[in-house]
Amino acid sequence: MTRADLTEKLLDIKREKNWTWKYICEEIGGMSPTLIVGALLGQMKLVKPLAAKAAKLFGLSEVEERMLNEVPYRGTQMPPTDPLIYRFYEMVMVNGPAWKALIEEEFGDGIMSAIDFDFHFERMAHEKGDRVKIEMTGKFLPYKYYGNEQGIPAYGFKED
């Protein structure tokens, strides 16, 4: 069995039992819904106690449980072809340079982590159609200036 096969099996069980992602995440618990769903879709790993809970919930074998705990090969084709995922890509293509300039002006030379990262969304009622509100927070990681000397700071924090 491949990790992709396990993902399809989990999706089949989800459909057969008419479970929602919300229900599954509440049953497994221990991490954000994004990480749990990501793990079940093959893009993240579940730590051993959560892999055991998922295996029990879905009725998986020991080998399948261990697969949920393995570090996956992450990513998708670029650009993405799914319209919803593509819109995120489009937001970054169009707004990315401005976001980069604003973040660097505030924090200095560095990046926002996609590893030490939080993501939350909520549904907002709107008279012209419900809206998706997204909040993302990521740790700022300054670039390290290797071989720095002569008073050059080691990290790219904002300079005054």
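If we scan segment 6-17, do we find a residue that is in a loop (DSSP other than H, G, I, E, B) and either out of contact with any Lys or Arg (no Cβ under 6 Å at 6 or more places or on another chain) or open to solvent by less than 60 Å² (accessible area, probe 1.4 Å) (or both)? Lay out the reasoning, then the answer.
Step one: filter segment 6-17 for residues in a loop (DSSP other than H, G, I, E, B), giving none.
Within segment 6-17 (the criterion being in a loop (DSSP other than H, G, I, E, B) and either out of contact with any Lys or Arg (no Cβ under 6 Å at 6 or more places or on another chain) or open to solvent by less than 60 Å² (accessible area, probe 1.4 Å) (or both)), the answer is no, since none of the residues qualifies.
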* Structure fact -> When Glu106 is run through (1) open to solvent by less than 100 Å² (accessible area, probe 1.4 Å); (2) assigned to a helix (DSSP H, G or I); (3) in contact (Cβ under 8 Å) with a residue 12 or more places away in the chain; (4) more than 30 Å from Thr20 (Cβ to Cβ), the failure sits at (1)
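Quick check on Met112: is it assigned to a strand (DSSP E or B) and of a type in the set (A, V, I, L, M)?
Judged against the criteria, Met112 is a match.
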* Structure fact -> Among Gly38, Gly96, Gly75, the single one that is in a loop (DSSP other than H, G, I, E, B), of a type outside the set (D, E, K, R) and either at pLDDT 90 or above or open to solvent by less than 100 Å² (accessible area, probe 1.4 Å) (or both) is Gly75
* Of all residues in segment 137-154 being open to solvent by 100 Å² or more (accessible area, probe 1.4 Å) and in contact with a Phe, Trp or Tyr (Cβ under 9 Å, 6 or more places away or on another chain), which is modelled with the lowest pLDDT? -> Tyr143
* Long-range neighbours under 6 Å by Cβ, at least six apart or interchain, first residue without any contact (Cβ under 8 Å) to a residue 24 or more places away in the chain within segment 54-65, second open to solvent by 50 Å² or more (accessible area, probe 1.4 Å) and of a type outside the set (Gly, Ala, Ser) -> Ala55/Glu65
* One residue from Lys45, Lys144 being touching a residue at least 24 places away in the same chain (Cβ under 8 Å) and of a type in the set (Lys, Arg) -> Lys45
* Give segment 68-114 a look and list any residue that's within 27 Å of Ala51 (Cα to Cα), of a type in the set (Gly, Ala, Ser) and touching a Lys or Arg at 6+ places or on another chain (Cβ under 6 Å), or say none. => Ser113
* Within segment 43-70, which residues are in a loop (DSSP other than H, G, I, E, B) and surrounded by fewer than 21 Cβ atoms within 10 Å (Cβ to Cβ)? -> Gln43, Met44, Lys45, Val47, Gly59, Leu60, Ser61, Glu70
* From the set of residues in segment 115-133 that are surrounded by fewer than 11 Cβ atoms within 10 Å (Cβ to Cβ) and either within 20 Å of the chain's Cα centre (by Cα) or assigned to a helix (DSSP H, G or I) (or both), which is modelled with the lowest pLDDT? -> Ile115
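The values are calculated or read from the model by the stated rules, or taken from the named source; none is laboratory data. Note that the structure is predicted; figures quoted are calculated from it, not measured. Note that each Cβ is placed from the backbone with ideal geometry, even for glycine, and that neighbours are counted across all protein chains shown. These accessible areas exclude ligands, DNA and RNA; they are computed on the full protein's heavy atoms, side chains included. Shrake-Rupley method; radii C 1.70, N 1.55, O 1.52, S 1.80 Å.
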